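Sharing a structure, written as structure tokens. Questions coming.
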Amino acid sequence: MSTAARRALVTGASGALGAAICRALARLGHEICVHAHRGVEQAEALVRALRADGASARSLQFDVTDAAAAGTALHGLLEDGPIQILVNNAGVHDDAVLPGMRAQQWHHVIDVSLNGFFHVTQPLLLPMIRTRWGRIINMSSVAALIGNRGQVNYAAAKGALNAATRALALEVASRGITVNAVAPGIIASPMSAESFDAAAIERLVPLRRPGTAEEVAHLVAFLTSDAAAYITGQVVSINGGMT
């Protein structure tokens, strides 16, 4: 698995999964732009760690739901050259069964995952297209494929992201750009530990364990490589056999 060094942006990179993706891409020699909104301290700590390991890295702070803020930040980023690897990892949960879901819960989850995808991806596309090489990875979820009680908003947001992935892949394929989605299942984290105990994981996951952030990051890194140049428009599951 190899590819030339590129500039990569990972949104929502202050959390465990985003950080693992940044580390995996850095190991391939890419320059890493570590995005965060509220987790700025964690993003800056990750940048220091990446630099200590010899990688080129910088942090970037903005709210993906704010079109103007995103545009300003990305315009500054593009002054140093195009982004050729984009991982749209920013996303949030705000769970409730639909009869009890507040409108704010619905709109916020949709706003971050779906509008955030647009606010970040659209400004980066033309500079990427001009290079005639690019990799866009959208982080989806098993919830978009099989549903999950209490996550109608999250499943809807990620399902729409899957559809956008397929459509965008068709638009940019002739320019040497691939667009794929990665749909993780239950991944070990403090958040998943609150929702899925050992018995639930045994029942739901044929492999009988949660996945790790590093396993997801390895898949993302593969999809950005030259070895995956013929894979586009796909939703790739990594869920221990849940679906």
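The values are calculated or read from the model by the stated rules, or taken from the named source; none is laboratory data. A quick note: this is a predicted structure, and the numbers were derived from the prediction, not measured. Cβ coordinates were reconstructed from backbone atoms using ideal geometry, including for glycine residues, and neighbour counts include every protein chain displayed.
Restricting attention to the stretch 59-97, which residues are charged (D, E, K, R) and either crowded, with 17+ Cβ neighbours inside 10 Å or under 24 Å from Ala143 (Cα atoms) (or both)?
Asp63, Asp94, Asp95
Under 7 Å between Cβ atoms, which residue pairs at least 6 apart in sequence (or on different chains) link something in the stretch 102-124 that is assigned to a helix (DSSP H, G or I) with a partner that is among the aromatic types (Phe, Trp, Tyr)?
Val109/Tyr154
Being at pLDDT 95 or above, under 26 Å from Asp94 (Cβ atoms) and in contact with a strand residue (DSSP E or B) (Cβ under 9 Å, 6 or more places away or on another chain) is true for just one of Ile177, Ile238, Ile186, Ile231. Which residue is that?
Ile238
Given the options Asn138, Asn115, Asn162, name the one that is touching a Phe, Trp or Tyr at 6+ places or on another chain (Cβ under 7 Å) and among the polar types (S, T, N, Q).
Asn138
Can you confirm whether Ser141 is part of a helix (DSSP H, G or I), more than 25 Å from Ala229 (Cβ to Cβ), modelled with pLDDT of 95 or more and touching a strand residue (DSSP E or B) at 6+ places or on another chain (Cβ under 9 Å)?
no
Follow-up question, since we're still on this one. What's the total number of residues in the stretch 98-115 that are of a type in the set (A, V, I, L, M, F, W, C) and either loosely packed, with under 14 Cβ neighbours inside 10 Å or more than 26 Å from Asn180 (Cα to Cα) (or both)?
3
Hey, can you tell me all the residues within the stretch 154-189 that are basic (Lys, Arg), surrounded by fewer than 20 Cβ atoms within 10 Å (Cβ to Cβ) and within 17 Å of the chain's Cα centre (by Cα)?
Selection gives Arg166 alone.
State yes or no: is Gly211 at pLDDT 95 or above, out of contact with any Phe, Trp or Tyr (no Cβ under 7 Å at 6 or more places or on another chain), of a type outside the set (Val, Ile, Thr) and farther than 22 Å from Gly29 by Cα?
No: the conditions fail for Gly211.
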